[in-house]
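Let me begin by presenting the structure, written as structure tokens, before commenting on it.
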There are 6 protein chains.
Amino acid sequence: MSITQRPDGRATDALRPIVISRHFTKHAEGSVLIEFGDTQVICTASIEDKVPGFLKGKGQGWLTAEYGMLPRSTHMRMDREAAKGKQSGRTQEIQRLIGRSLRAAFDLEAFGERTLHLDCDVIQADGGTRTASITGAMVAAYDAFSQLKVRGLIEQVPLRHFVAAVSVGVYQGQAVLDLNYVEDSGCDTDMNVVMTEAGHFIEVQGTAEGAAFDRNTMNQLLDLAQNGISDLIDLQKQVLGLLGN
Amino acid sequence: MSITQRPDGRATDALRPIVISRHFTKHAEGSVLIEFGDTQVICTASIEDKVPGFLKGKGQGWLTAEYGMLPRSTHMRMDREAAKGKQSGRTQEIQRLIGRSLRAAFDLEAFGERTLHLDCDVIQADGGTRTASITGAMVAAYDAFSQLKVRGLIEQVPLRHFVAAVSVGVYQGQAVLDLNYVEDSGCDTDMNVVMTEAGHFIEVQGTAEGAAFDRNTMNQLLDLAQNGISDLIDLQKQVLGLLGN
Amino acid sequence: MSITQRPDGRATDALRPIVISRHFTKHAEGSVLIEFGDTQVICTASIEDKVPGFLKGKGQGWLTAEYGMLPRSTHMRMDREAAKGKQSGRTQEIQRLIGRSLRAAFDLEAFGERTLHLDCDVIQADGGTRTASITGAMVAAYDAFSQLKVRGLIEQVPLRHFVAAVSVGVYQGQAVLDLNYVEDSGCDTDMNVVMTEAGHFIEVQGTAEGAAFDRNTMNQLLDLAQNGISDLIDLQKQVLGLLGN
Amino acid sequence: MSITQRPDGRATDALRPIVISRHFTKHAEGSVLIEFGDTQVICTASIEDKVPGFLKGKGQGWLTAEYGMLPRSTHMRMDREAAKGKQSGRTQEIQRLIGRSLRAAFDLEAFGERTLHLDCDVIQADGGTRTASITGAMVAAYDAFSQLKVRGLIEQVPLRHFVAAVSVGVYQGQAVLDLNYVEDSGCDTDMNVVMTEAGHFIEVQGTAEGAAFDRNTMNQLLDLAQNGISDLIDLQKQVLGLLGN
Amino acid sequence: MSITQRPDGRATDALRPIVISRHFTKHAEGSVLIEFGDTQVICTASIEDKVPGFLKGKGQGWLTAEYGMLPRSTHMRMDREAAKGKQSGRTQEIQRLIGRSLRAAFDLEAFGERTLHLDCDVIQADGGTRTASITGAMVAAYDAFSQLKVRGLIEQVPLRHFVAAVSVGVYQGQAVLDLNYVEDSGCDTDMNVVMTEAGHFIEVQGTAEGAAFDRNTMNQLLDLAQNGISDLIDLQKQVLGLLGN
Amino acid sequence: MSITQRPDGRATDALRPIVISRHFTKHAEGSVLIEFGDTQVICTASIEDKVPGFLKGKGQGWLTAEYGMLPRSTHMRMDREAAKGKQSGRTQEIQRLIGRSLRAAFDLEAFGERTLHLDCDVIQADGGTRTASITGAMVAAYDAFSQLKVRGLIEQVPLRHFVAAVSVGVYQGQAVLDLNYVEDSGCDTDMNVVMTEAGHFIEVQGTAEGAAFDRNTMNQLLDLAQNGISDLIDLQKQVLGLLGN
């Protein structure tokens, strides 16, 4: 379908190779390495038996997310945020997005006064780190809740619906799915979409970095995202062993 | 068109009363008080004769934005960010949005090695402070550039296109335009849209705070936003004396 | 009486036009816009139903103040303190002064375990922002306490005495009242005086920025301040409707 | 003259025993231990061969001051400011006062592009630490400039006039000089005065912590301060060997 | 030789299985995943073409190290240092140790005005993270310098000597090599030793966490460390292809 | 025994003149000025009637240490850490070392739920400030506990064993005891040793700043340290009046 060749030769509507490795590290209740092509993110889910002050005594749980990049996960080494003493606006924006997306995936009232901490740490960056984080954190969170269930602390995983995320954008005049770093740096429009397995929107964040984009382009981008997310959710379920056969 | 009554009785597609007062304070090159109903924001535009390090010697300008709320602009007093020693993630997210939106409005290569600082300070908050900020900052920036032109430092205002912003959302099952605080607190979906005078998108940021929303709702929301922004841009031009008669 | 002309033509013992606008914003229990000429400060008073740790259980209240300037309230844009991550020494000095002055105005033991937060935010600066802040905060605090009384939570406004503040200084060899920015920048001596309606001192802070000043000058300055403050307290009472007729 | 006995038996117009020890530590260009009774402050003066950015190339010098208290200089241990990561408002207020006072003592245009750093560190606190700091820093600064002169880098100590400082206050209804901690904690009014050897004012900072004070009390306090400072300046000159015989 | 069984059944003088994987991530000039049993650390070496201010113009290079732990690399989730806004004392102590150790390994004067940044990020912690970091960083640094050589920017890797590190300690009365987390938590004495390939000491840091230890124990610990480090250096050379045959 | 002359003419195995002055300031429960030659440190011990959160309700005490340097305690003025808003890595490393060393000296379970705060503030630095701090803090802590005993709050000083510390190093090829600043700056190896009165090790921290050192040198250094510490502990006991006669 594509006229312009994408830098890695993919079709405009093709995801990069996606790999989700569960049980990646041993301490966390859920631990996933997710790869979107060369983008690699470790997503861990940790359960703590208390909630923030504003929820104390309300009988419900909380879910929160943090995001970081190793200093040399990127082409040029970035300063370490812990050493600088503050998280960038970009980091905070991303971790707020991950938190909102995953709070939509689970029923916060159904796992007691516990907090699920999601940590998404980028080991290697090649575009799409926030969408890989959301998609991987979904699996890590599911694993952590499954462990709570195995330990008899909840009756079932408090799932509302699976969520996954993907980026779409306009690269050299063409709407494309799942941009890598080269495409991301050179694109006119960049949009991150988070959807449920039912194809409903959780988050849409689109930015025209070059030319403003029209309604028609918007529709093409949303179509691409919807298909990509559908595939990602299938993969999530498959690695979790939730797909029948 | 609305079945459910909105809290202030507006039609679902009606903006609140919008007032834009230019020359609100005396020191800034551009200074605007913008009101979206009870939401009041002071937007100032300040010109500095230098650019950040990464642009030095490139012969182009820069535009940056900061956002703040007076501690008692809100229903309950908030802690002062200067006293806490850091800006919240929300503040940083908003000021990054304002900056990106206004950088799309002007040609950064056409006003020399200067920085335009936009400061959006909320005096009174009643929902929609970020969209009011963008819409007011557009006018303040225009005024600041006009002053540069009057002083003979640039030949014309380096305008690419007017931009304005509005929020839309799903309140009690209905798509509505320009949510006030009561609607914003109770809504299922909240979307902020920034568009150009040509009806093209600069930014779309939609969040399902309750139920995820479907593509049809997405389309209704974008329609509402497009009409609202068109009216806002007409008003911007009118207060700037740019509408013929 | 003056030989040297003051920059704005005032007599040496004349205040600038003073305007006090109550109910300036809608959320705060007390909200005042005070203008000393071109200096404009929003003073809000917020009541919180708890006290700091060191007062817990002692049955008395507390009153505290914070001060800020919008980045472009001044001739040249200042860095935003929230973005820098700390309040300057000047800011802290001023907010400590406002707090001490207003604590002297009210009986802290007479309004229960509550904290009155005063926020003084400078919208436009032209000299005398700290004295305008104190004078305006007095009215905002009175309004907030009045509201507590109306709601039946206290029996009467816990007033000890009205306080107001004004600056005096030596400008071009002459003692003058209520310095504006031009005078303030060029003066040899700058003194801020806070007094009660009985003409007693709450605070005196005088600094010789150029030549040291002698006892005689000190006396002239205190005379000027005493008269100016008397007029300011009359105005406070008048806008509050406390002056009989 | 006193009716009420002061806690340590002093006359109302008596200073505590004052000791100024020069060359207290070995590295600093000027180093003084000053004692006002049990209050002990190490004041060092360090010369650096550069000036802050705003003075670069103007051919003049700068003088700046910092103040600190050892954590257990006080009755109860205070948190260490370096560990808390910020200086309190009180600390900043005091170091700004010391800086202004000493800048008035010297001719900043007469010692080249150098910065004199004054560090006043309280070893033991018993009231009056800021006035002891100013009085001791005067001697340390003089010593540092003398060393510059000995090294042939300036022709003479750039002295405008000696300055010293003392506190006065109203303790149990009586105006008293040089309050110790017990008096300071219990007094109604506390005033810090900085004067020159000619008896002119550099700084006056008076605060009514209890009852507001009248003009008559103000005059008594200023009289006490003037006499105390005169004695302190005599002592400064004596320890520096500047008094003839 | 051991009487008490070690938790994982090792001999007292046995290292855990050590794995060093080069080229672990793709952007860094050197990138190593090092495993000491279940302890896993990503060590990257990044070359920057400038030196810190204190070395500018001296014609020599610099080497610096930073250390971090992913929040859930540990048994219980730790707070993220970037979110807390500061690095702990432990983190700083470790990164200073890594930096000093690696600066001893290379000739800083032999690679021009460049900085080698070493980042050691713990993915999974099970005791000995600082010694694994040093041992892995040695390989990453070697790779980075090799790349500089391949690019013709230096003539040879500026090696002084290989260094590696290991922990030793007294666990249940017995001197043991390379403590894992269980041993580390329960040991009386913990010592980290950094040595060169010639068996000379770079760093020795021993701490008696329980009973103080005598000179005889000290000697046993140093013997164990020397043998362990010798094996580690052999492995470093082997993975780098520097062992002949 | 020495061939090379040490800068101050001492024998290689000689301590500098050591002076320990108790009751140096009046507020602290224990207050010592310790001098190792020109190095002067004020060590205070403060008792607080509570413990950190992690020990609450466990019936035992805690001991913690902080360290600081006056800005001009050094040859060149250092920035004040309180003004910079953070403690350096070196400061944190030293205060952690002091804390661990002194926690080994006392039985934390034998003085109730109290915290002993040790503050070591360097007044004048000439090498060996951390070892002087530990040695002086031992005496200050002993005095503080003695006061608790006198007040009847504990039955006896909860002493496990006396500890003291000294530095050793290789200066111009020779192992020497108690390095002053000149030796410390120029030495190849620097080692800080903390031992008990029984000659057992609490801490050993050795760093090869120049050439790596061999096992033989290690042994010479430990011998020197052991003798020096033995003398220091004798002096501690003597000034505390604990040596019989």
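The values are calculated or read from the model by the stated rules, or taken from the named source; none is laboratory data. Here the structure is a predicted model, which is why all the values come from computation and not from measurement. FYI the Cβ positions are ideal-geometry reconstructions off the backbone, even for glycines, and counts take in every protein chain you see. The protein model used for the area step is the full one, side chains on, heavy atoms only, and it has no ligands, DNA or RNA in it. Shrake-Rupley method; radii C 1.70, N 1.55, O 1.52, S 1.80 Å.
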inquiry  = Cβ contacts < 9 Å: first residue farther than 10 Å from A:Leu15 by Cα and more than 14 Å from chain B (Cβ to nearest Cβ), restricted to segment A:224-235; second residue part of a helix (DSSP H, G or I) and β-branched (Val, Ile, Thr), any location; separation 6+ or different chain. Result?
reply    = A:Leu235/A:Thr135
query = Just wondering, is there one or more residues in segment C:40-51 that are out of contact with any Cys (no Cβ under 9 Å at 6 or more places or on another chain) and assigned to a helix (DSSP H, G or I)?
reply = no
key: First in segment E:148-164 and more than 14 Å from chain F (Cβ to nearest Cβ), second anywhere and surrounded by 15 or more Cβ atoms within 10 Å (Cβ to Cβ) and of a type in the set (S, T, N, Q), Cβ under 7 Å, 6 or more apart   = E:Val157/E:Ser146
Positions within segment C:70-81 being of a type outside the set (Asp, Glu), open to solvent by 30 Å² or more (accessible area, probe 1.4 Å) and in contact with a Pro (Cβ under 9 Å, 6 or more places away or on another chain), in sequence order = C:Arg77, C:Met78
query = Of the residues that make up segment D:137-154, is at least one among the basic types (Lys, Arg) and surrounded by fewer than 23 Cβ atoms within 10 Å (Cβ to Cβ)?
reply = yes
ask   = Which condition number does D:Pro17 fail, the rest of (1) farther than 26 Å from D:Ile154 by Cα; (2) touching a Leu at 6+ places or on another chain (Cβ under 8 Å); (3) without any contact (Cβ under 8 Å) to a residue 60 or more places away in the chain; (4) not small (Gly, Ala, Ser) being met?
value = (2)
remark   = Selection from segment F:112-170 of residues of a type in the set (Ser, Thr, Tyr) and touching a Lys or Arg at 6+ places or on another chain (Cβ under 7 Å) yields F:Thr115
key: Restricting segment B:191-221 to residues that are more than 21 Å from B:Ile94 (Cβ to Cβ) and either open to solvent by less than 40 Å² (accessible area, probe 1.4 Å) or aromatic (Phe, Trp, Tyr) (or both), the residue that is nearest to the other protein chains (Cβ to nearest Cβ)   = B:Ala212
ask   = Considering segment F:170-190 alone, what residues qualify as being on the phi > 0 side of the Ramachandran plot and open to solvent by less than 20 Å² (accessible area, probe 1.4 Å)?
value = F:Asp178
ask   = Within segment C:70-109, can you find the residues that are acidic (Asp, Glu), part of a helix (DSSP H, G or I) and more than 7 Å from chain B (Cβ to nearest Cβ)?
value = C:Glu93, C:Glu109
task = Check segment A:11-32 and report whether any residue there is at the interface with chain E (Cβ under 9 Å from one of its Cβ atoms), farther than 23 Å from E:Ser31 by Cα, out of contact with any helix residue (DSSP H, G or I) (no Cβ under 9 Å at 6 or more places or on another chain) and outside any loop (DSSP other than H, G, I, E, B).
result = no
task = Residues being among the small types (Gly, Ala, Ser) and within 14 Å of the chain's Cα centre (by Cα): count how many of those fall in segment F:203-229.
result = 2
inquiry  = Please go through segment A:51-69 and give me each residue that is open to solvent by less than 30 Å² (accessible area, probe 1.4 Å), within 15 Å of A:Gly112 (Cα to Cα) and either facing chain E (nearest Cβ under 10 Å) or out of contact with any Phe, Trp or Tyr (no Cβ under 6 Å at 6 or more places or on another chain) (or both), ordered by number.
reply    = A:Leu63
ask   = Do we have F:Val166 as at pLDDT 95 or above and either of a type in the set (Asp, Glu) or in contact with a helix residue (DSSP H, G or I) (Cβ under 8 Å, 6 or more places away or on another chain) (or both) here?
value = yes
key: Unmet criterion (only one of (1) in contact with a helix residue (DSSP H, G or I) (Cβ under 7 Å, 6 or more places away or on another chain); (2) modelled with pLDDT of 95 or more) for D:Gln124   = (1)
message = I'm checking my understanding of the structure. Among residues of segment B:82-99 that are touching a strand residue (DSSP E or B) at 6+ places or on another chain (Cβ under 7 Å) and either more than 24 Å from B:Asn192 (Cα to Cα) or at pLDDT below 95 (or both), which one is most open to solvent (accessible area, probe 1.4 Å)?
response = B:Ala83
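Conditions tested, residue by residue: (1) without any contact (Cβ under 8 Å) to a residue 60 or more places away in the chain; (2) out of contact with any Cys (no Cβ under 9 Å at 6 or more places or on another chain).
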residue: F:Asp107; (1), (2): yes, yes
residue: F:Phe111; (1), (2): yes, yes
residue: F:Asp119; (1), (2): no, no
residue: F:Ala125; (1), (2): no, yes
residue: F:Thr129; (1), (2): no, no
residue: F:Ile134; (1), (2): no, no
residue: F:Val139; (1), (2): no, no
message = Only one of C:Thr39, C:Thr12, C:Thr44 is open to solvent by less than 20 Å² (accessible area, probe 1.4 Å) and more than 18 Å from the chain's Cα centre (by Cα). Can you tell me which?
response = C:Thr12
request  = Would you check which residues across segment A:157-190 are more than 14 Å from the chain's Cα centre (by Cα) and acidic (Asp, Glu) and list them?
outcome  = A:Glu183, A:Asp184, A:Asp188, A:Asp190
request  = Would you please name the residue that is most open to solvent (accessible area, probe 1.4 Å), looking only at residues in segment E:110-127 that are more than 16 Å from E:Val163 (Cβ to Cβ) and part of a strand (DSSP E or B)?
outcome  = E:His117
